[in-house]
Amino acid sequence: MSADPARGLADFLTRELGDQVTISDFRFLSAGARRRNIAFTATVGDTPRRLVATVVPPAVELMPVEAEAGVRELARAHGVPVPEVVATCTDTSYVGEPFLISEHIDGDTVPRRVLRTLAAAGTAEHTARRWGAAMARLHSVDPAQAPESVPAAGADPAAEHLAEVTAVVGELLADRPVFSLALRWLEKRLPGPPPRPALVHTDMRNGNLIIGADGLRAVLDWEGTQRFGDPMRDVAWPALRMWRFREDAEEFGGFADRDTFVRGYEEAGGTFDPDRYRWWKVMGTLYWGAGLAQQAAAHLDGTVRDIVMAASGRRVSEIEWDLLMQIRPAAKA
Amino acid sequence: MQNRPTAAELLESLAELLEDTLLPALPADLQHRARVGANLARILGREVELGPAAAAREKELLEAVPAGDEEALWQALAEVVRADLAIAKPGYDSWEGE
């Protein structure tokens, strides 16, 4: 990113809107390794407008910013709460990297704070139903309508994902029998292609939601969206234990049980498939374990020499426990 | 002869240095790393004390699993992972749900 991104954003918006734009209240919202979100106020004449710029370094770009904007607006048109996209820019002369600008929405995104807000307001159940409904509306979109530069799953998304993760496990976790056991469990139960491939977000979990006391306000982080995916992959992912933030008994995001989320999902037209859901939940857990092993490997080979990446290697046991709890053999009669 | 402080005692001192002494003086964007470092020092402290017995027990448990008996394998692995978690994340195995 350039040394003075505030100046670059002001220049861009001035050109985009045709009037002099001044920028104030400039602050970094998150310092993620991949993307940076910057909140600011853009004032045109006497009218202040609160906005967020998402700056995407090309090295970590999963899809072009225009494609991400297109998907978000498509979801929004189908009733999914998403911050409106104001502009996209691929000209790197403004802030050094491509970015998109969207409206700012107040609320909590930090998971533990989300849990506190919902507990204090007593709106956890209501929020979880809205969350399920938002996901169902996304899954009702014809994936062929999404921009073609949004990555597409293959004909059998489950088999494809399993093959990718199996390769990583073979390379980095071959000596860990829990992973081999879980892979055998998944191979035996491969669900086949979804009856209705969908537009899937792939990361609609607590942490990527803007939540207020009144409930769900927006779904964030659309960079991982996939066309023609299995909608049960989307439903299963936010139910993993690591997205419960120590509230383990509440399967969805640490604030709602499965029935509540699924009720919201089905009320908005989604079709819940419990077997397929269970498969994708084990798959997602295994995928996360493989990701932790990859982080540790990136530390060890010097690609990303960072103590946080090193520590990921010692979190693999947590994933092994989560896997064992999900693939427990049926009790003997 | 036992050196004092022991390895476990030194690792705890290292954790205290990172967390109690250095962390408050660090800029916000480095504090998380210091916390992670302190946590790793504590993991190593537990590994020094519990690791050798856990490794021996793991070998014993897995060798006792009859070939092809996935249920016995599951039981053995659950015990192995519990021992690993006692080092890496004590208490994580108290939740036994999905």
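Things worth noting here:
- Against the criterion of being crowded, with 21+ Cβ neighbours inside 10 Å and not small (G, A, S), A:R263 does not qualify.
Conditions tested, residue by residue: (1) away from chain A (no Cβ under 13 Å); (2) over 18 Å from the mean Cα position of the chain (by Cα); (3) of a type in the set (V, I, T).
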| position | (1), (2), (3) |
| --- | --- |
| B:Q2 | yes, yes, no |
| B:P5 | yes, yes, no |
| B:E12 | yes, no, no |
| B:H32 | no, yes, no |
| B:L40 | no, no, no |
| B:E47 | no, no, no |
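- Residue tally, condition over 21 Å from A:F272 (Cα atoms) and surrounded by 20 or more Cβ atoms within 10 Å (Cβ to Cβ), over region A:125-161: 2
- Test: residue in region B:60-77 that is under 18 Å from the mean Cα position of the chain (by Cα), surrounded by 14 or more Cβ atoms within 10 Å (Cβ to Cβ), within 7 Å of chain A (Cβ to nearest Cβ) and in a helix (DSSP H, G or I): yes
- The criterion of at least 1 residues that are within 14 Å of another protein chain (Cβ to nearest Cβ), more than 25 Å from A:Q294 (Cβ to Cβ) and charged (D, E, K, R) is met, among helices (runs of 4 or more DSSP H) falling completely within region A:150-237, by A:177-188.
- Qualifying residue in region A:275-297 (condition: without any contact (Cβ under 8 Å) to a residue 24 or more places away in the chain and of a type in the set (D, E, K, R)): no
- Residue satisfying all of: in region A:22-77; part of a strand (DSSP E or B) and within 14 Å of another protein chain (Cβ to nearest Cβ); surrounded by the fewest Cβ atoms within 10 Å (Cβ to Cβ) among these: A:R27
- With respect to the conditions (1) of a type outside the set (A, V, I, L, M); (2) within 14 Å of chain B (Cβ to nearest Cβ); (3) surrounded by fewer than 22 Cβ atoms within 10 Å (Cβ to Cβ), A:E320 falls short on a single one, namely (3).
- Summed over region A:297-314, the residues that are at the interface with another protein chain (Cβ under 7 Å from one of its Cβ atoms) and under 21 Å from B:R82 (Cα atoms) give a count of 2.
- Members of region A:254-265 that are closer than 13 Å to A:A136 by Cβ, within 21 Å of the chain's Cα centre (by Cα) and not aliphatic (A, V, I, L, M): A:F261, A:G264, A:Y265
Taken together, the values in this text are just the output of simple stated rules run on the coordinates, not laboratory data. None of these values were measured; they are calculated from a predicted model. Note: ideal-geometry Cβ built from the backbone for every residue, glycine included; neighbour counts use all protein chains shown.
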